[in-house]
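Right, one structure below, let's go through it.
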Amino acid sequence: MKTRRDFIKISALGLGATAVTAGAAKAVLGSSLFGNENENDAETLRRVATYCEVCFWKCAGWAHVTKDGNIKKITGNDDDPQCNGRLCPRGTGGVGMFSDPDRLKTPLMRVTKDGQQTYREASWDEALGFISTKMKDLKAKHGAESMALFFHGSSGNHFSNLMKAYGTTNLAAPSFAQCRGPRDVGFEATFGESVSSPEVTDIRDTKCLVLIGSHIGENMHNGQVQEMSEAIDAGAVIITVDPRLSTAASKSKYWLPIKPSTDIALLLSWIHVLIYDELYNKEYVGKYAEGFEELKNHVKLFTPEWAYGITTLKPDLIRKTAREMANASPSVIIHPGRHAAWYGDDVQRTRAIAILNALLGSWGNRGGIFFKEGIKIPEFPHPDYPKPAWSWKDLLDGKFPLANEAVTNSVIEASYPKEGKEARIKGWIVSGTNLVAAVPLKAELAKAMQSLELLVVVDTMPMEITGFADVVLPECTYLERYDDIRATAHREPTLCLRMPAVEPLNQTKPAWWIAKQLGERLGLGAYFNYKDYSEVLDWQLKQVGSSLEEMQRIGVKKSPRKTSPYIETGTDHQFKTASGKIQLYSHELAEAGFDAMPVFTQHPEPQEGFYRLIYGRAPMHTFSRTANNPNLVALMPENSVWINPQVAKIWGIKKDQYVWLKNQDGAISNFSVKVRLTERIRWDSVYIVHGFGHHHKPLRFAYGRGVNDTELITNVMMDPIMGGTGMRGNFITFLKEDPRKEIES
Ligand code: SF4
């Protein structure tokens, strides 16, 4: 059936021929991925400052470039406190993003030829001219607010500026609703601020680290992994709560193999023990928190015995671990996690984590959670942005009152007509996020993509989302461009530069250039008053006592702190809440009509023969982003499904057998997946690493390898507080035969 916007396979265009130089390919494929510098390298290689974009920890490094202009390797910058001179395997393999032969190479425009939709190559001038004409048209017909941006990664800043200058603030980062949003809102409701990224956890000096579904080590956030290793060496107690014996759990003193979906019950029982066994930090709570009596009454009945029946964790273990935390107080961290969108009550779960930290006196104490400090980079001068007539908040119809960023699914739902009402969003720019794999509620996404009047995708790779675009713009990789200064606030104020190590390959361009070109064509040139982004960076750096020349030389510049990272003895610290006190009882939540303190809710159980689907990360990949990176594919080509041997026995499933997965709603995985039999997972759950199972053939290294968990996530539990999309309420069963054979016959 023909649709308004058919999915187009970019491979059909004959663009497969690689334009990567022979030298570049040899440099990547012929050199050791983690190879040590050849003794002569130091003399022959030019090193160029960068920070990594393979994940969002943004470690600072050096790209080492050969005389003939190819990138031989990337190493860490010794002065960067986020990596301490060491990159993780993915960061080291980042050069594969540059050399990937499947990269997008030239702008593409959708055309209809012989009744078939296809892409044809276009010049930048033609592609940008088409987009700007459409955007002017949309603005005239529906207002600038009818455009939305979806973004992930550094390029998003450039397109956000463009969209604000154009007149819309509908800027949606899927990472808010799909990942970190519930955690951020839960901590803000308790402490008045979030734990940021990189997290302000003082793992290096902690005496006790509690991980709840947070698999540091498989999730390779560099500095955090290094600090956890140091803490273990220094004798810190690690407590890991996870239905799976993760790498972190295997390094822990205590592994609590909790029944999935029952974490709030465990957290409430820990709070109960700390209060009723008088183990909490009385001085800290008395001085800095409010709502203690309400909390005490609230958790009165939530004993470890009560939690045992829910979590399957023995009361003795719950008490013992609570005591370990109290013994370490205040040098203890109940880790806030990162991907927190699980069951739709996630703000309340992260509130419970925040409350535990508060009872133990963590925030503001060494070995707990420190106060961050950073250097504020001033904005390059530009006219004021116009004030939009409406924004993403108006799309929520009063739902999700504590959402403080655009909720991706609400923006998607506003992009197709519903209940006789016209869609409010008419055009999208999608930068660096493969929405097809990143967001749940695929039917809504499909409807939106069929309704839009303009869909522009900017990416380095032919991800699935590119097949739906009207125009595909090929962006160069992080190794070929300038981006904004990294000035993340953390333990030490630090500046870090990313600059081009080599010229962009093929017709690819940096995001700042694309945004500026579009801005000028839209009559918004005053917002892009520079020739090259290096001018912006030099101006900004000079305002904060550095310069582009200095940063090109050193890559990273650290400054001494002006304030203490911890509460100083004798001072009266004010938290950033309305009252200045930590909110054990949240007036904000109560006023918005929600529980002021976390409550445990029973979640649905799987039907017989189904198992809860849990998913996570591997050290070599960052979800879809790295799935086609030849270097990282060589390390881990596909995911596998972890199944407990008892379950496999019932099903007659063998080790390394390939099976298809089917969920509770009948959704079947596109591809089959290899079985990993392991006692390291509870019998009631299965686990897969996220980011595999691509079905777009132009991704030659990723196509058909493993399964995509998001195909099996059809039940999404929205967090009523901020719109988080809880994705852990899905159950799968196994198909041992190819289900498509049946469909075909
Ligand atoms: S943790 Fe690894 S992938 Fe992430 S930014 Fe650092 S080096 Fe890159």
Added length on full extension, which subtracts the Cα-Cα distance from 0.36 nm per residue, Asp572 to Trp683: 35.0 nm
For the range 356-384 versus the range 275-343, the gap between their alpha-carbon centres in whole angstrom: 24 Å
Exposure ranking of Asp572, Asp459, Asp532 by accessible area [1.4 Å probe, largest first]: Asp572, Asp532, Asp459
Selected from Met109, Val65, Gly85, residue furthest toward positive end of dipole (the range 59-141; charges at beta carbon): Met109
Spin-label model distance (nm) - Ala590 vs Glu605, 7 Å beyond Cα toward Cβ: 3.6 nm
R0 of 60 Å, Cβ-Cβ distance Thr563-Tyr658: FRET efficiency to nearest 0.05: 0.60
Surface accessible to a 1.4 Å probe, per residue, for the residues of the chain, Å²: 38 Å²
Portion, in percent, of the accessible area of the range 611-744 that falls on carbon or sulfur, probe 1.4 Å: 53 percent
Debye, to nearest 20: dipole size of the chain, +1 on Lys, Arg Cβ, -1 on Asp, Glu Cβ: 1040 debye
Within the range 240-300, trypsin sites (Lys or Arg not before Pro) in DSSP loop having at most 12 other beta-carbon neighbours inside 10 Å: Lys300
Label-reachable residues, the range 654-684, where backbone N falls under 19 Å from a point 7 Å from Lys736's Cα toward its Cβ: 654-663, 669, 672-678
Cα-derived Rg over Rh, computed across the range 611-744 with Rh taken as Kirkwood radius: 0.97
Options His695, Phe671, Thr622, ranked by Cα towards positive dipole end of the range 611-744, top entry (Cβ charges): Thr622
Beta bridge orientation in the chain: antiparallel %, DSSP, nearest 5: 50 percent
For peptides 55-62, 418-425, 368-375, 518-525, sequence by mean Cβ density within 10 Å, most packed first: 55-62, 368-375, 518-525, 418-425
Leading residue at positive end of dipole, the chain (Cβ point charges), from Thr201, Ala469, Ser547: Ala469
Net lengthening on full extension, Glu126/Ser534 (0.36 nm per residue, minus Cα-Cα): 144.3 nm
For the range 509-522, 3J(HN,Hα) per residue [Karplus equation, 6.51 cos²θ - 1.76 cosθ + 1.60, θ = phi - 60°, Hz, x = Gly/Pro]: 9, x, 4, 4, 5, 4, 4, 5, 4, 5, x, 5, 5, 8
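The values are calculated or read from the model by the stated rules, or taken from the named source; none is laboratory data. Keep in mind that what you see is a predicted model, and the values were worked out from it rather than measured. So basically every Cβ, Gly included, is an ideal-geometry build from the backbone, and we count neighbours across all protein chains shown. In case anyone asks, the SASA skips ligands and DNA or RNA and just uses the protein heavy atoms, side chains included. Shrake-Rupley method; radii C 1.70, N 1.55, O 1.52, S 1.80 Å.
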